[in-house]
Amino acid sequence: MVDGWKNDAISLVEAFRSGERTPEDETHAVLSAIEKSSLNAFSYIDKEGALLRAENANVSLPLGGLPIAVKELHNVDGWPDTGASLVFKDRVSQFDGTMIQRLKVAGANLIGLTTASEFGGLNCSTTKLNGITRNPWNRELTPGGSSGGSAAAVAGGIVTLGTGGDGGGSIRIPAGFCGLVGMKGTAGRIPRGPHTGIGPLTVVSGCLSRSVRDTARWYDVCAGFDPRDPYSLPKQVGWEAQLGSTDFSGSRVIVSPDLGSAIISDAVRKIVEEAAAELIAIAGLQQVDVPVSLPPIDWEWAIANQVGLYKELGERWPACEEDMTKSMAFGVRMGIERYNLDIAARVEDGRTAANERMAAVFDQTDFIICASNPDIAFPAHIESNTRVAGKKAPAGNNGALTIPANISGNPAISVPAGLVDGMPVGVQIIGVQHSDRAILDLAYLWEQHNPWPLIAPTS
């Protein structure tokens, strides 16, 4: 039996095309790795389907024959549709999501579903349905959430790519915790349909990858307008082909490790500042001294998110409360008790104020460099972390570095920047809306000068 591929996804597709490796080889290796893994990264495996697709793979396609993990909050026709919750443990999806459709057309071999936080609501991947998902860098710690299973599978050497969704950092947080690339594109870059919910907050789809070029190819495959998502953007071509082509001479950047208000560890701050200084030097950026002070939005974000969840639960609530994690059940109760027209207006005011503040900052800069997470990954069994470097922090601090870009729709990418206590630390680059190619190129430039381990050393 061959071992799983330890390089990135594009190199694996190239190996398929050259005959060095076959899709059947890799699929068998992936299935074997899942069976042997202690990460608990997968909640469902389509073994027979995966083997059949590998046998019939067209390796000339962009992702031809490539085994890919699917976050369990993404719809695949005929697969479980649990929402990572006991409440829907028997529900089965009746359709493919738009991104899944495009991955299939590109030749991807969908292996199975990866674990996530319940309904995507927390930045860990520990649920009553699936148990504890673990970080391949240290199995006592979380891979983050809500796309934690995908991050664990990619960083753990099982697959080279996994789908992710980001409504408050759910791609960037696990990318930072697991030493991966995680990009949240401009709102609408990758369609969310079909059956797109039109809500007050910005959720995007994307991937967890080992390299910047893998993420670029993902956007070549998945980005582009779809009428079922009225907010989706027109298709752009050449994401991978044009990678590294941006001239950053004179472009402005703000270095704000804590994004103005987050509580972060001194060790994380040091890594971000050092990485930013190096990136400024190699890219020819102009650092500007502009304070970043964004209004707190975590409460409004949490309340607004519960509206959609309450609608999904329907008549199951409150009988289903005992089947839910404590944090999510508390959130629903809070939403029911507090959500009214006054709160709805305050939520919209808060969102607008945050967007206006972000826009005012980007009137004076082209990029912001900050941390992806306040600290390294926290213990895997914790639902909501309230500690930073051993000191107490409010629950809202978990998303203080990532939620602002969701509210405003700005593109943002997390890439590995260093280690603290043997654990990855991510640096986050935020750009103005529609500057997706530019932040990809900055990340690519950083990667060329500071290559990182593509999988966890313990994998």
Residues (surrounded by 24 or more Cβ atoms within 10 Å (Cβ to Cβ) and either within 18 Å of ARG387 (Cβ to Cβ) or not charged (D, E, K, R) (or both)) located in the range 127-136: THR127, ASN130, THR133, ASN135, PRO136
Identify the residue in the range 317-342 that is in contact with a helix residue (DSSP H, G or I) (Cβ under 6 Å, 6 or more places away or on another chain) and under 26 Å from ILE132 (Cα atoms) and, among all such residues, is modelled with the lowest pLDDT. GLY331
Can you tell me which residue among ASP375, ASP342 is without any contact (Cβ under 8 Å) to a residue 60 or more places away in the chain and either touching a Lys or Arg at 6+ places or on another chain (Cβ under 9 Å) or of a type in the set (Asp, Glu) (or both)? ASP342
Long-range neighbours under 6 Å by Cβ, at least six apart or interchain, first residue within 16 Å of SER265 (Cα to Cα) within the range 381-407, second at pLDDT 90 or above and among the acidic types (Asp, Glu): VAL388/ASP375; ALA389/ASP375
Out of (1) crowded, with 24+ Cβ neighbours inside 10 Å; (2) not in a helix (DSSP H, G or I), the one LEU103 does not meet is (2)
Only one of SER232, SER251, SER261, SER256 is farther than 30 Å from GLY148 by Cβ and of a type in the set (Ser, Thr, Tyr); which? SER251
Of these, ARG172, ARG139, which one is buried (at least 24 other Cβ atoms within 10 Å of the Cβ), at pLDDT 95 or above, among the basic types (Lys, Arg) and closer than 17 Å to ILE455 by Cα? ARG172
For the range 6-31, which positions are assigned to a loop (DSSP other than H, G, I, E, B) and either over 18 Å from ALA106 (Cβ atoms) or modelled with pLDDT under 95 (or both)? LYS6, ASN7, GLY19, GLU20, ARG21, THR22
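For (1) closer than 22 Å to GLY156 by Cα; (2) in contact with a helix residue (DSSP H, G or I) (Cβ under 9 Å, 6 or more places away or on another chain), each residue gets a yes or a no:
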position: LYS47; (1), (2): yes, yes
position: SER60; (1), (2): no, yes
position: ASN75; (1), (2): no, yes
position: VAL92; (1), (2): no, no
position: MET99; (1), (2): no, yes
position: ARG102; (1), (2): no, yes
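The values are calculated or read from the model by the stated rules, or taken from the named source; none is laboratory data. Being a predicted model, the structure only gives us computed values, none of them experimental. Note that we place each Cβ from the backbone using ideal geometry, even for glycine, and neighbour counts take in every protein chain shown.
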